[in-house]
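K.L.:
Sharing a structure here in structure tokens format.
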Amino acid sequence: MNRLSQTLVRGNNNFDLIRLIAALMVMLGHSYGIQGGEMESMLRFSHLESFGSLAVYAFFMISGMLVSASFANQSSTFRFIGLRMLRIWPGAMVCAAFIVLVVGPVFSGLPLFAFLSDPQTMRWLFHNALLIDPVGGPLPRLFEANHLKSLVNATVWTLPVELKCYVIVLVAGLLGCIGSRWRTLAVVVLAGVVFAICVKHPPGDHFLGNFFILPLAYSFYPVPFFLLGMLLYAFRDRVVIDWRPALVLLLAYLAIRHARLSPILLYPAFVYGVLWLGSTPKLRRLVPTHDYSYGIYLYGFVVQQSLSGLHPTMNNYLSLIIAVPITVVLAALSWHLVERPSMAALRRRRAPPGDARAAVARAPNA
């Protein structure tokens, strides 16, 4: 039996492993549609969620906890903002440039100069490098013969949503709520009410509208899972993690999964299961040394689309077996050459002095 506060200590959790598995789950889920195969097995099983949607929920919930911890443990607000920006933007910029300069010229039906000079290409690069909605749209005649026609990098739609969730943490932190259980609860409830209202009446502009749209093959929204993560961090001393409730919730869901009430158990079972997997010491030896999950998330879809362009009739599992190693290599290059050096540069330049440095050293791996 463990408490979430103990799990959130650096080196005492398996959240990097869960994020890695979640990134691979996204690739597995997409493989069905990309290769034009049967309905995804998780969607068939649950009738509610896909591998991809469950993976995104896990990403957002873990992010809500760890980003809240990051704000609480940074020496300044500007340092928090800088680290959040450098964790997301450099990798996304390089990935967008890679797609335009490498993937596009190889797989587009246009000649090289026509592809690179097309205004749509420049607009796509601008939006996807800076993560300005709308993102993930088509590029000129790229993948136009694939089963998922013209989709280039469909996973990036979550990144602008994630960045807006960071703003919620930032505002809550500036109001002095992150360090208080009940003030965090008030912020989460308020944000949840506003979110529910805007789901019913979405704003018309792209900047906020995509924040409230229910994606395809999702039965719920990612943002509430981020808010739940904030709440879990605030009440981390009160959250007890044990395998027995996790097992009971799972078995109860399996017993009624065909009933209308199944969502009432699916989401609690999923949330508590992620927390238990994140805390169990038995998985600690499997936690990766390097965090390739973001790179896999960025490059997985475009690698799979490229393979589909080369072999459109390939079985989706065989395609996945080929795509995963290629994606992992690209993710490793992204981590070692782009993501980690970007964050390390800020840490070296603005290392917090004295007690603040010790606090950052004790912070969770956000």
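The values are calculated or read from the model by the stated rules, or taken from the named source; none is laboratory data. Remember, predicted model here, so these are calculated numbers, not experimental data. Positions of Cβ are backbone-derived with ideal geometry, glycine not excepted, and every protein chain shown enters the neighbour counts.
K.L.:
Mind listing whichever residues of the stretch 133-151 are farther than 18 Å from residue 32 by Cβ, in contact (Cβ under 8 Å) with a residue 60 or more places away in the chain and touching a Phe, Trp or Tyr at 6+ places or on another chain (Cβ under 8 Å)?
P.N.:
Within the stretch 133-151, just 133 meets the criteria.
K.L.:
Residue under question is residue 62, and the condition is that it be of a type in the set (Val, Ile, Thr), more than 28 Å from residue 337 (Cα to Cα) and surrounded by 19 or more Cβ atoms within 10 Å (Cβ to Cβ); does it hold?
P.N.:
Here the answer is no, as residue 62 does not meet what is asked.
K.L.:
Let me ask something additional. Counting only residues that are of a type in the set (Ser, Thr, Tyr) and touching a residue at least 12 places away in the same chain (Cβ under 8 Å), which one in the stretch 19-46 is farthest from residue 256 (Cα to Cα)? Step through it out loud before you land on a result.
P.N.:
Filtering the stretch 19-46 down to residues of a type in the set (Ser, Thr, Tyr) leaves 31-32, 41, 46.
Of the ones still in play, those that are also touching a residue at least 12 places away in the same chain (Cβ under 8 Å) are 31-32, 46.
Numbers: 31: 28, 32: 26, 46: 11 Å.
Step by step, filter the stretch 19-46, then rank; the result is 31.
K.L.:
Quick one: is residue 306 in a helix (DSSP H, G or I), at pLDDT below 95 and in contact with a Phe, Trp or Tyr (Cβ under 9 Å, 6 or more places away or on another chain)?
P.N.:
Details: in a helix (DSSP H, G or I): yes; at pLDDT below 95: no; in contact with a Phe, Trp or Tyr (Cβ under 9 Å, 6 or more places away or on another chain): yes.
Answer is no for this residue.
K.L.:
Of all residues in the stretch 311-335, count the ones that are polar (S, T, N, Q) and either over 19 Å from residue 107 (Cα atoms) or not in a helix (DSSP H, G or I) (or both). Break it down stepwise before answering.
P.N.:
Our first condition is that a residue be polar (S, T, N, Q); within the stretch 311-335, this holds for 313, 315-316, 319, 327, 334.
This time we only want the ones that are either over 19 Å from residue 107 (Cα atoms) or not in a helix (DSSP H, G or I) (or both), so: 313, 315-316, 334.
Going through the stretch 311-335 one residue at a time, the tally reaches 4.
One line per residue, one yes/no per condition, for (1) without any contact (Cβ under 8 Å) to a residue 24 or more places away in the chain; (2) touching a strand residue (DSSP E or B) at 6+ places or on another chain (Cβ under 6 Å); (3) loosely packed, with under 13 Cβ neighbours inside 10 Å:
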residue	(1), (2), (3)
244	yes, no, yes
259	yes, no, yes
276	no, yes, no
284	no, no, no
305	no, no, no
314	no, no, no
319	no, no, no
334	no, no, no
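K.L.:
Let me ask something else about it. State the number of residues belonging to the stretch 1-59 that are among the basic types (Lys, Arg), under 15 Å from residue 155 (Cα atoms) and in contact with a Pro (Cβ under 7 Å, 6 or more places away or on another chain).
P.N.:
0
K.L.:
So which residues in the stretch 228-246 are modelled with pLDDT under 95 and part of a helix (DSSP H, G or I), if there are any at all?
P.N.:
Within the stretch 228-246, 243, 244, 245, 246 meet the criteria.
K.L.:
Among the residues of the stretch 35-67, write down those that are at pLDDT below 90 and among the hydroxyl-bearing types (Ser, Thr, Tyr).
P.N.:
Residues satisfying the conditions are 41, 46.
K.L.:
Is it fair to say residue 256 is over 21 Å from the mean Cα position of the chain (by Cα) and closer than 30 Å to residue 134 by Cβ?
P.N.:
It is false that residue 256 is over 21 Å from the mean Cα position of the chain (by Cα) and closer than 30 Å to residue 134 by Cβ.
K.L.:
I've got another one for you. Determine whether the stretch 20-32 contains at least one residue that is part of a helix (DSSP H, G or I), more than 25 Å from residue 162 (Cα to Cα) and not acidic (Asp, Glu).
P.N.:
Yes: one or more hits.
K.L.:
Which condition breaks for residue 216 when tested against (1) farther than 20 Å from residue 61 by Cβ; (2) at pLDDT 95 or above?
P.N.:
Every listed condition holds for residue 216 apart from (2).
K.L.:
Name every residue in the stretch 156-180 that is exposed (fewer than 15 other Cβ atoms within 10 Å of the Cβ) and more than 26 Å from residue 90 (Cβ to Cβ), in order of residue number.
P.N.:
175, 176, 179, 180 - these are the residues of the stretch 156-180 that are exposed (fewer than 15 other Cβ atoms within 10 Å of the Cβ) and more than 26 Å from residue 90 (Cβ to Cβ).
K.L.:
So, in the stretch 168-219, of the ones that are without any contact (Cβ under 8 Å) to a residue 60 or more places away in the chain, under 22 Å from the mean Cα position of the chain (by Cα) and not in a helix (DSSP H, G or I), which residue ends up farthest from residue 133 (Cα to Cα)?
P.N.:
Among residues in the stretch 168-219 that are without any contact (Cβ under 8 Å) to a residue 60 or more places away in the chain, under 22 Å from the mean Cα position of the chain (by Cα) and not in a helix (DSSP H, G or I), the one farthest from residue 133 (Cα to Cα) is 216.
Conditions tested, residue by residue: (1) closer than 24 Å to residue 346 by Cα; (2) of a type outside the set (A, V, I, L, M).
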{"residue": "48", "(1), (2)": "no, no"}
{"residue": "54", "(1), (2)": "no, no"}
{"residue": "65", "(1), (2)": "yes, no"}
{"residue": "86", "(1), (2)": "yes, no"}
{"residue": "91", "(1), (2)": "yes, yes"}
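K.L.:
Filter the stretch 278-297 down to the residues that are more than 30 Å from residue 341 (Cβ to Cβ), assigned to a helix (DSSP H, G or I) and touching a helix residue (DSSP H, G or I) at 6+ places or on another chain (Cβ under 8 Å) and list them by number.
P.N.:
Correct list: 279 only.
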